[in-house]
Amino acid sequence: MNKQTGESVISDENSRAALWPVLTKIDADLAEQALIQGCGHCGGALHRADYPRKVRGVRAESRRHSFCCAREECRRRETPGSVRFLGRKVYAGFIVVVLTALRHGLSTERVRVLQEQLGVDRRTLERWRRWWLEQFARSGFWRVARARLVPPVDAATLPWSLWVRFTGEGNAPLLGLLRFLSPWSTRRPPG
Ligand SMILES: [Zn+2]
């Protein structure tokens with residue numbers, strides 16, 4: 001991955017808009033897999049219970065894939081992983097990932113320009129940064145994943161240090177990273 005790709009994908013509205021259908025397709029596949037697996041609690045069949053979800057940073061309508069167990073006595077909600085969202089954050093997940101990553105790859109001034117273009121204030125960016133250092137870096141999910149990464153990934157520069165481990169052309173590294181992070185937007189995040 002290189003920082004130019006990252007910068008262009010979030011700074012330019014057309015690039016952001018172009019990425020969204022790609023992510024939407026991946027989410028549809030993740031939802032399809034969840035549907036096939038059935039209810040994680042009782043194994044019952046799932047019914048669709050999608051709901052509209054606001055997304056900032058991309059001009060698009062979006063619906064979050066979600067399911068509800070068909071069994072009367074269970075009725076649990078199953079929310080599959082997503083590459084479009086990251087937990088409860090209102091900005092599109094890739095914007096959260098790329099903007100926080102670029103804090104370690106670009107000058108402070110360039111990051112400030114990107115923030116302004118996206119309407120992300122300083123406090124929000126600080127909150128995202130804390131999320132990486134506190135929730136993410138201290139999670140069981142990361143402890144397990146980190147052990148498989150050689151050489152070790154520097155937790156202090158997440159998610160930049162993780163992103164550079166994904167290879168490929170164009171947006172492939174970013175898509176790889178978003179897939180890796182997709183469990184974080186389930187109803188029971190892997191924290
Ligand atoms: Zn069930």
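The values are calculated or read from the model by the stated rules, or taken from the named source; none is laboratory data. The structure presented is a predicted model; accordingly, all values stated were derived computationally and were not measured. Because the Cβ atoms are built from the backbone with ideal geometry, glycine has one as well, and the counts that use them run over all protein chains shown. For the accessible areas, the whole protein counts, side chains as well, though only heavy atoms, and no ligand, DNA or RNA atoms are used. Shrake-Rupley method; radii C 1.70, N 1.55, O 1.52, S 1.80 Å.
The table that follows gives values for the structure above.
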| read-out | value |
| --- | --- |
| Hits among lysines - C-alpha to C-alpha of Lys54 under 16 Å, sequence gap 8 or more where chains match | Lys89 |
| Antiparallel DSSP beta bridges within the chain, as percent of all bridges there, nearest 5 | 90 |
| Loop-located GluC sites (Glu not before Pro) in the range 1-73, at most 10 other Cβ atoms within 10 Å (DSSP) | Glu61, Glu72, Glu73 |
| Carbon/sulfur fraction of accessible area - the range 3-185, other protein chains in place, 1.4 Å, % | 49 |
| Volume in Å³ per residue [convex hull over Cα atoms, computed for the range 54-105] | 86 |
| Two-decimal Rg/Rh across the range 21-121, once Rg and the Kirkwood Rh are taken from alpha-carbon atoms | 1.12 |
| Viscosity 1.567 mPa s, temperature 4 °C, Stokes-Einstein D of the chain from Kirkwood C-alpha radius, µm²/s | 74 |
| Simple spin-label estimate for Arg123 and Val90 in nanometres, 7 Å along Cα-Cβ | 1.2 |
| Span-rule helices in the chain, defined as complete DSSP H runs reaching 18 Å or more along the axis (Cα) with Kyte mean at least -0.5 | 13-37 |
